[in-house]
Amino acid sequence: AEYMGDCSRTPLVLVQQELDCTTPKKSHRMQHNSTQEAESKNTHSRDQEPNPQSKRRKTSVQQEMRSRLGSFVKSSHSNGSTSPPASPPLIKHDRALTPSGFRKDQLIRIIAQELASLGFAKTVEVLESESGVDIHDQAIQQFCTNALEGNWHAVLSQLSTMQLRPNSDVNHAKFAVLEQKFLELVQAGDIGGALMCLRMELAPLNCCQMRLNELCLILTCDAPTKEVSRQVLLNKLQEFIPSTVLVPKNRLEALLEMAIRKQIDDCPNHTSFGLPITEKNLLEDHKCPSNTVPQHTLFVLEEHNDEVWAVGYSPDGTYMASASKDGLVVIWLVTEEYRVLHRILTHDQHLSFLSFSPNSTMLITCGGDAKLIKIWDVKTAKSLKTFSPHNTVVTCVGWLPDNRRFVSGSHDRLVMMDIDGREIFQWAVLPIHDLRISHDGRRMVGLPFQKRILLFDLDDLGDPEIMDCDDLMTSIDISPDSRLAVVNATQGNGELHLIDLAERCVVKVLRGHVHTRLVIRSRFGSIGSNFIASGSEDSNVYIWNYKFGSMLQKLEGHTGVVNAVSWHSRTPGVLASASDDHTIRIWGMLPRNALLQ
């Protein structure tokens, strides 16, 4: 697109003029005669002789044909001038059904395709013989061979007579073929041939004008071209050819993939965290064990002497930080044991919020004393910066992905700053008591002291969109994929509202915990899971599968209100919870003695 500019409407005559300026001049008669001779020679030679690059590709054509069609492919004539029949013969359909309701002929063709891709060509022949199903159509075989070998004239001829999908334009299919031809000529350095293809073949199709202009720019502006494989072209042509004529590539594996994905979507305990991508069992239905959810207390940390109001793991999983009402921050080193790395008395009064930087090297804290924001070096506990951008209590802070900017909210304003103390932007919004920035840094959600949610676009730094709610919200979090938000509402006896950020609506309501008057924080699980965890005023921790809306676990052990939770960012099934009982509990999927073993 950067090469388009004002040239997006470059007519073909300007392309010719541009090329004329860079080539030696000829007399009018010589130019006229040479043009006719070149057009005639190029037209016949390119249709009768294979492209030089096609010679290098021929060795892989038969292998690709076996994969796609499930049969042996006979080599076409060396000049690529095989004439297709007026229309491809229809495949004979055995419309008998299997007990499950599948058509036998379709099932056999898909099985044959997969067998061929695995190298069992003789087995395919036996299958075709025993089943009586015409697995391969000779005309379609030849069509695919021509496309993979670059016999463009034969491909275009077959497209003119081939049965296409309803509402498909044959000119668009031809354009895709000729575009491939054009790009290969450019890559081979045959600029004259490419121009001839552009003028005499692509332009007369009268379609895809924007793409045609882009192809013109490749010649006039020296725009770079990337090599497009002929297999990609064949996949593109699949959009125009009915699947009954040309079976989509790897159809059986695609169906199996969809079946496994459906089972995963229906699994209430699923988490893909830490599992190899290639681990797909076809012999059994997918079912995650119930121990993918935290169930057991691994550690009880008792370093604080007051109510613990905040807890969080660093993004790299190396550290954990906790903050209590008396202003103490503890930085923990997370190994097999949780070891105190630093004790920092950061504030003279209560401390209610902390957040690690995305690179896990800095920790930002804020609380009620002197309206301060402090940034600490995680490894040394050295104070790096102290800011006072607000005139009232600082309630929340969120980092942007660049590790230099952050947004802070308070009772007086919402402001973006950098770590050097420079104010970047201020929003004219109501007082904010919680905010969260998406992982990609493009969105921010905020909770004012009203029954509404503010949705910010951080790309343009404009005024937020307002989403009205039925009750007050006390905290908010954004999912790892930045699509969803969860808010803690005091409605009823306490609810979690799952919000689709694109649609601006509540898509799920989770119930079971107790939340009536205090600030209780909930958190999404790691990427690959559908879990949400939340504290509760009844001293328990609750875990839901937010996709199904079902409660999976209630963790008992605390003796005071559970104010905040945090999932470990690297170890699946590990959760930390902070409570008014002055403790932090670390929960895991297995008992501690089993983990040590």
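The values are calculated or read from the model by the stated rules, or taken from the named source; none is laboratory data. Please read all numbers here as calculations on a predicted model, not as lab measurements. FYI the Cβ positions are ideal-geometry reconstructions off the backbone, even for glycines, and counts take in every protein chain you see. Areas reflect the complete protein model, heavy atoms only, side chains present, ligands, DNA and RNA absent. Shrake-Rupley method; radii C 1.70, N 1.55, O 1.52, S 1.80 Å.
Determine which single condition Ile140 fails, assuming it passes every other condition in (1) among the hydrophobic types (A, V, I, L, M, F, W, C); (2) open to solvent by 20 Å² or more (accessible area, probe 1.4 Å); (3) touching a Leu at 6+ places or on another chain (Cβ under 8 Å). Here Ile140 clears every test but (2). Of the strands (runs of 3 or more DSSP E) lying entirely inside the stretch 385-437, those containing at least 2 residues that are farther than 22 Å from Val486 by Cα, without any contact (Cβ under 8 Å) to a residue 40 or more places away in the chain and touching a Leu at 6+ places or on another chain (Cβ under 9 Å) are 423-427. The condition (being surrounded by 13 or more Cβ atoms within 10 Å (Cβ to Cβ) and free of Cβ contacts under 8 Å to residues at least 24 places away in the same chain) is satisfied by just one residue among Asp500, Asp460, Asp468: Asp500.
Against the list (1) open to solvent by 30 Å² or more (accessible area, probe 1.4 Å); (2) under 20 Å from Leu237 (Cβ atoms); (3) free of Cβ contacts under 8 Å to residues at least 60 places away in the same chain, the condition Gln209 fails is (2). A single entry from Ala121, Ala154 fulfils the requirement of being hydrophobic (A, V, I, L, M, F, W, C), touching a Phe, Trp or Tyr at 6+ places or on another chain (Cβ under 9 Å) and modelled with pLDDT under 90: Ala121.
Residue count for the stretch 163-200 under the criterion of being open to solvent by 50 Å² or more (accessible area, probe 1.4 Å) and either among the hydrophobic types (A, V, I, L, M, F, W, C) or on the phi > 0 side of the Ramachandran plot (or both): the result is 5.
A search for C-beta distances below 9 Å between a residue of the stretch 234-256 that is open to solvent by less than 40 Å² (accessible area, probe 1.4 Å) and any residue that is of a type in the set (Val, Ile, Thr), counting only pairs 6+ apart in sequence or on different chains, returns Leu237/Val155; Leu237/Val177; Phe240/Val170; Ile241/Ile140; Val245/Ile91; Val245/Ile140; Leu246/Ile140; Val247/Ile110. Is it true that some residue in the stretch 97-109 is under 18 Å from Pro242 (Cα atoms) and open to solvent by less than 10 Å² (accessible area, probe 1.4 Å)? Yes, the conditions are met somewhere in the stretch 97-109.
When residues in the stretch 426-452 are screened for being within 30 Å of the chain's Cα centre (by Cα) and within 19 Å of Val394 (Cα to Cα), 8 of them pass.
Ser388 satisfies every condition listed in (1) surrounded by 14 or more Cβ atoms within 10 Å (Cβ to Cβ); (2) touching a Lys or Arg at 6+ places or on another chain (Cβ under 9 Å); (3) small (Gly, Ala, Ser) except (1).
Being in a helix (DSSP H, G or I) and at pLDDT below 95 is a condition met by at least one residue of the stretch 581-592. Remark: Gly560 matches the filter, which requires a residue to be of a type outside the set (Ser, Thr, Tyr), surrounded by fewer than 19 Cβ atoms within 10 Å (Cβ to Cβ), touching a strand residue (DSSP E or B) at 6+ places or on another chain (Cβ under 6 Å) and part of a loop (DSSP other than H, G, I, E, B).
Given the residues Gly494, Gly549, Gly535, which is the only one that is buried (at least 18 other Cβ atoms within 10 Å of the Cβ) and modelled with pLDDT under 90?
Step by step, each of Gly494, Gly549, Gly535 is checked, and only Gly494 is buried (at least 18 other Cβ atoms within 10 Å of the Cβ) and modelled with pLDDT under 90.
Among the candidates Val155, Val133, single out the residue that is in a helix (DSSP H, G or I) and either out of contact with any strand residue (DSSP E or B) (no Cβ under 8 Å at 6 or more places or on another chain) or among the polar types (S, T, N, Q) (or both).
Being in a helix (DSSP H, G or I) and either out of contact with any strand residue (DSSP E or B) (no Cβ under 8 Å at 6 or more places or on another chain) or among the polar types (S, T, N, Q) (or both) holds for just one of Val155, Val133, which is Val155.
Can you find a residue in the stretch 516-523 that is farther than 27 Å from Val407 by Cα, modelled with pLDDT of 90 or more and surrounded by fewer than 20 Cβ atoms within 10 Å (Cβ to Cβ)?
Here is the first cut: in the stretch 516-523, the ones farther than 27 Å from Val407 by Cα are 516.
Those left that are additionally modelled with pLDDT of 90 or more: none.
No; the residues of the stretch 516-523 include none that is farther than 27 Å from Val407 by Cα, modelled with pLDDT of 90 or more and surrounded by fewer than 20 Cβ atoms within 10 Å (Cβ to Cβ).
For the criterion of being out of contact with any strand residue (DSSP E or B) (no Cβ under 8 Å at 6 or more places or on another chain), of a type in the set (Val, Ile, Thr) and touching a residue at least 40 places away in the same chain (Cβ under 8 Å), Val177 passes.
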